[in-house]
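Coordinate-derived values only; no laboratory data. All of these numbers come straight from a predicted model, not from anything done at the bench. Cβ coordinates were reconstructed from backbone atoms using ideal geometry, including for glycine residues, and neighbour counts include every protein chain displayed.
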Amino acid sequence: MIAQPMRVVIVGRDAALWLTASALQRALGPTWVTVVAVELPTALGSSSVYASLPPLEALHAKLGLDESALLRATQGSFSLGCSMVDKADAQPPFFLAYGSYGAPIDGGSFFHYWNKARHFGLDVPFEDFCLTAMAARQGRMLLPDEATEAFGRTDYGYHLPAIPYAAALKAHAAASGVAMHHVRDVLVERGPDSGAIAAVRLEGGLRVAGDLFIDATGAEALLIGATPGAGAGAPSDPLLDRRLTARGRPFASIAAYAETRIDEAGWVTLHASQVATHVVHAFASAGQSDAEALATAARLAGMPLVDPVAGPIACGRREAAWALNCVAIGAGACAPGPLFDLELHAIQLGIVHLLSLFPASGSFAAERAEYNRITASAFERLLDLESAFHALKRSKARGAAPSAAVAHRIATFRARGEIPPMEDETFAPDFWQALFVGLGELPDSWPPSIDRTPPERMKAEFRRILAFVKDKVLEQPTHDSCLKRLGRSEAA
């Protein structure tokens with residue numbers, strides 16, 4: 001079948017709008033798809049930051065966004081993971097790294113050997129065997145070479161001040177040929193029988209018709225919310241129901257990681273960029289006013305904060321992200337919660353799966369059904385992460401029991417250190433293992449097959465890995481020097 005001309009209308013704001021518009025234009029615009037972006041007023045403030053997982057770098061590359069130019073334009077920074085610090089508990093801090101922990105021993109998973117050694121008295125933290133975690137702790141940036149590639153994954157994300165990042169994405173979309181309208185509000189025109197969207201009406205009476213409509217309006221869900229078949233949107237958390245964003249002074253040395261600090265009042269995450277320390281605080285409105293939450297955030301951040309903005313937290317997913325001829329991308333489809341910086345990743349998952357299932361004609365029931373199946377699975381796996389965190393913390397901030405999938409993960413890990421493989425999983429097993437160990441879980445046993453490895457060989461491998469990590473980290477440039485080099489390249 002020859003694909004028929006199609007007009008795609010994207011209504012939304014900020015990163016969800018411009019990443020979607022650029023991706024569709026880049027992949028499909030030169031052929032038979034016309035992309036129209038209808039931009040609503042921004043929801044961003046001067047404190048807002050986009051923190052990303054490693055896959056965003058690959059999406060940027062496919063869109064033709066130059067990494068160095070983007071970091072100069074946004075004054076952003078690199079991120080190698082997140083340090084978790086519980087100020088209300090005796091539990092030591094731990095690091096969730098974007099990279100491999102250890103290296104296989106005799107073909108077996110490193111974690112199982114480490115777990116066995118812990119039961120016999122080893123007192124070396126799991127993260128000490130992670131090249132990425134140790135580089136972050138030492139203020140280094142990791143530049144992969146053949147040796148590090150052989151060792152395992154060494155990934156990174158970003159901390160991107162949100163307003164300049166959205167502006168850079170918008171400029172890129174415009175340069176690629178995306179048609180644009182800028183409005184304060186839209187009216188949705190639906191077919192009288194089906195409820196499918198026929199057009200959106202803009203200020204001044206302009207009518208923008210389309211074949212497929214994408215809702216990138218976030219939690220407002222201006223298009224998908226009233227579309228038949230979409231189901232309910234993301235419910236708010238019953239207790240940790242509010243988020244405050246603010247900013248403080250930049251650190252003299254810019255950390256290549258985020259840090260989450262937890263106490264009885266909630267938690268804050270600090271994201272360091274070149275221009276500020278961006279702070280996100282999640283709290284319970286039943287226990288604090290917004291003004292009290294700002295004081296708590298400043299106390300946990302350890303610095304005065306300015307430009308605070310507070311709003312509700314949504315956490316959950318819509319029953320169907322694609323209903324009739326409307327697809328939700330971003331928080332209208334899935335709001336993973338703010339704890340693990342998954343907002344951009346949820347947007348990216350929606351874009352990637354839409355491109356892989358983009359319809360070639362006006363009849364797309366099969367594509368819609370498969371898109372809903374696969375995104376429901378992928379979004380559930382994102383939601384698992386925060387659910388598991390609260391289940392293991394036994395946090396008073398969440399009363400709901402974990403899902404069956406999360407309970408199964410925890411039980412399997414406790415029994416033998418395994419992470420059950422699940423379809424559409426984002427995080428590698430060793431990331432989950434680092435989370436569980438960091439929260440105080442140590443498996444009762446390990447796969448019997450690793451007992452074939454003699455203890456002396458196991459010890460030798462531990463020493464070899466620790467020596468490799470130490471030597472490689474000391475070879476790396478500092479994060480600060482990498483960022484300064486980006487600035488010098490602009491002047492050159």
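A few remarks follow.
- Excluding exposed DSSP-loop GluC sites (Glu not before Pro) (at most 15 other C-beta within 10 Å), longest clean stretch of the chain: 1-263
- Calculated FRET efficiency for the pair SER449/GLU475, C-beta based, R₀ 30 Å, to 0.05: 0.30
- The residue among ALA360, ILE329, GLY302 whose Cα reaches farthest toward the positive pole of the charge dipole of the range 299-432, with charges on the beta-carbon of Lys, Arg, Asp and Glu, is GLY302.
- Potential extension, GLU220-ALA360 segment - 0.36 nm per residue separation minus Cα distance: 47.5 nm
- Positive contributions from Lys and Arg (+1) and negative ones from Asp and Glu (-1), summed over other residues with Cβ under 11 Å from the Cβ of GLY332, come out at 0.
- CD proxy at 222 nm, helix term only [per DSSP H run n ≥ 4: -39500 (n - 2.57); per residue of the chain; nearest 500]: -11500 deg cm²/dmol
- Distance (nanometres) between label positions extended 7 Å along Cα→Cβ at ALA88 and ALA291: 2.4 nm
- Per the Cα gyration tensor, the range 240-374 maps to an equivalent ellipsoid with semi-axes of 37, 17, 10 Å, ordered largest to smallest.
- Label-point gap, in nm, between ASP424 and TRP32 - each point 7 angstrom along Cα→Cβ: 2.7 nm
- Distance (nanometres) between label positions extended 7 Å along Cα→Cβ at ASP193 and ALA61: 4.9 nm
- Dipole orientation for the chain: of the candidates PRO250, GLY204, ALA150, PRO250 has the Cα lying most toward the positive pole (charges on Cβ; Lys, Arg +1; Asp, Glu -1).
- Packing rank of 344-353, 297-306, where each peptide gets the mean count of other beta carbons within 10 Å, highest leading: 344-353, 297-306
- Between helix 290-301 and the chain: long-axis angle, C-alpha atoms, 0 to 90°, nearest 10: 40 degrees
- Full-stretch length increase - SER68, ASP106 - with 0.36 nm per residue and alpha-carbon distance subtracted: 9.7 nm
- FRET efficiency for the pair ARG184 and SER46, taken as 1/(1 + (r/R0)^6) with r the Cβ-Cβ distance and R0 = 22 Å, rounds to 0.60.
- Helix axis angle, 455-475 relative to the chain longest principal axis, alpha carbon, degrees: 60 degrees
- Nearest-ten-degree value, helix 429-438 long axis tilted from longest Cα axis of the chain: 60 degrees
- Extension gain, ALA405-ARG373: 0.36 nm per intervening residue step, less the Cα-Cα distance, totals 9.9 nm.
- With the convex hull drawn around the C-alpha atoms of the range 1-146, the volume per residue stands at 231 Å³.
- Convex hull projection area averaged over all views, the range 81-161, Cα basis, nm²: 7.2 nm²
- Calculated mean projected area of the Cα convex hull in nm² (choose from [x] 22.3; [y] 26.3; [z] 25.0), label: [z]
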